[in-house]
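A quick write-up on the structure given underneath.
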Amino acid sequence: MTASFEIGRAAGSDAAALAGFAARLFRSTYSADTLESDLDAYIDKAFSTESQSAEIADPSAAVFLAKADGAIVGYVHLIVALAEQCAARLSRIYIDADWRGRGLANDLLNAVIGECRQRGVTRIELTVFERNARAIAFYTKVGFAVTGTTTFTVGADVQRDMVMVMDVAARTDDRAV
Ligand SMILES: CC(C)(COP(=O)(O)OP(=O)(O)OC[C@H]1O[C@@H](n2cnc3c(N)ncnc32)[C@H](O)[C@@H]1OP(=O)(O)O)[C@@H](O)C(=O)NCCC(=O)NCCS
């Protein structure tokens, strides 16, 4: 397996590959805690090629991909137009299991932070499943802090999520890991 990867903005031509990657990673992340029927319902809706095309084309969002040898090994989806214009939502960040712990998530996050700075976004919010210890550890490491809890619905399953927030201006490059 190659050791190098490249980060770039997703193009419309990436939609089908991204839909397949996103569905596979969503299923593997939550299969231990979620019924297959609930996963299927969510994946059918969220990760069709059409929905990924729409997210890539959405001017109020940004999708960055990490590719190795031309194949997607990670992605991040940011929604930049919240009710409060200076805030954005980190909607998804998913890295292939073989690529975790290798700095790729941090590089995707840096792409998001660059996007936020360009668009005048000063705060990034996210929600994360309360049992997703690795993701919570990653977010804490890069500068997010827990501010509360909320719910996230997968199919018919209502799960408890942590709400985490980052002050973009306060994050300096020495946070890079
Ligand atoms: C969340 C994710 C993007 C982070 O990327 P990553 O490459 O794994 O991140 P890192 O390895 O840099 O950081 C994870 C940290 O959690 C730690 N960790 C690993 N397993 C852990 C566990 N079971 N419990 C707590 N911490 C854990 C790691 O040691 C690391 O900390 P360290 O760098 O101080 O040692 C990636 O793990 C992923 O794609 N997970 C599956 C999808 C997912 O959960 N996405 C987020 C949905 S909200």
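The values are calculated or read from the model by the stated rules, or taken from the named source; none is laboratory data. Remember, it's a predicted structure, so these values are computed and weren't measured experimentally. Note that we place each Cβ from the backbone using ideal geometry, even for glycine, and neighbour counts take in every protein chain shown.
Give all pairs with beta carbons closer than 6 Å in which a residue from the range 78-91 that is polar (S, T, N, Q) meets a residue that is outside any strand (DSSP E or B) and at pLDDT below 70; count only pairs at least 6 apart in sequence or on separate chains.
Hits for this filter: zero, empty list.
Going through the range 32-42 one residue at a time, which ones are small (Gly, Ala, Ser) and either closer than 21 Å to ILE72 by Cα or surrounded by 14 or more Cβ atoms within 10 Å (Cβ to Cβ) (or both)?
If the condition is that a residue be small (Gly, Ala, Ser) and either closer than 21 Å to ILE72 by Cα or surrounded by 14 or more Cβ atoms within 10 Å (Cβ to Cβ) (or both), then ALA41 is the only one that fits.
Of the residues GLY74, GLY120, which single one is surrounded by fewer than 19 Cβ atoms within 10 Å (Cβ to Cβ) and either within 15 Å of the ligand (Cβ to nearest atom) or within 20 Å of VAL63 (Cβ to Cβ) (or both)?
GLY120
Yes/no per residue for (1) within 20 Å of ALA22 (Cβ to Cβ); (2) touching an Asp or Glu at 6+ places or on another chain (Cβ under 9 Å); (3) of a type in the set (D, E, K, R):
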residue: LEU109; (1), (2), (3): yes, no, no
residue: GLY114; (1), (2), (3): no, no, no
residue: THR122; (1), (2), (3): no, yes, no
residue: VAL142; (1), (2), (3): no, no, no
residue: ALA156; (1), (2), (3): no, yes, no
residue: GLN159; (1), (2), (3): yes, yes, no
residue: MET164; (1), (2), (3): no, yes, no
residue: ALA169; (1), (2), (3): no, no, no
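With ALA105, ALA111 as the choices, which residue is more than 12 Å from the ligand (Cβ to nearest atom), among the hydrophobic types (A, V, I, L, M, F, W, C) and closer than 18 Å to HIS77 by Cα?
Numbers: ALA105 fails: more than 12 Å from the ligand (Cβ to nearest atom).
Exactly one of ALA105, ALA111 is more than 12 Å from the ligand (Cβ to nearest atom), among the hydrophobic types (A, V, I, L, M, F, W, C) and closer than 18 Å to HIS77 by Cα, namely ALA111.
Taking the condition more than 18 Å from ALA66 (Cβ to Cβ), modelled with pLDDT under 95 and assigned to a helix (DSSP H, G or I), does ARG117 pass?
Yes, satisfied.
Return the residues of the range 1-30 that are in a strand (DSSP E or B) and among the aliphatic types (A, V, I, L, M); say none if nothing qualifies.
Hit for the range 1-30 is ILE7, nothing else.
Just to check your reading of the model, which residue among ALA105, ALA41 is in a helix (DSSP H, G or I), at pLDDT below 95 and aliphatic (A, V, I, L, M)?
Among ALA105, ALA41, only ALA41 is in a helix (DSSP H, G or I), at pLDDT below 95 and aliphatic (A, V, I, L, M).
Restricted to the range 123-172, and to residues that are assigned to a loop (DSSP other than H, G, I, E, B) and touching a residue at least 24 places away in the same chain (Cβ under 8 Å), which residue is nearest to the ligand (Cβ to nearest atom)?
ASN132
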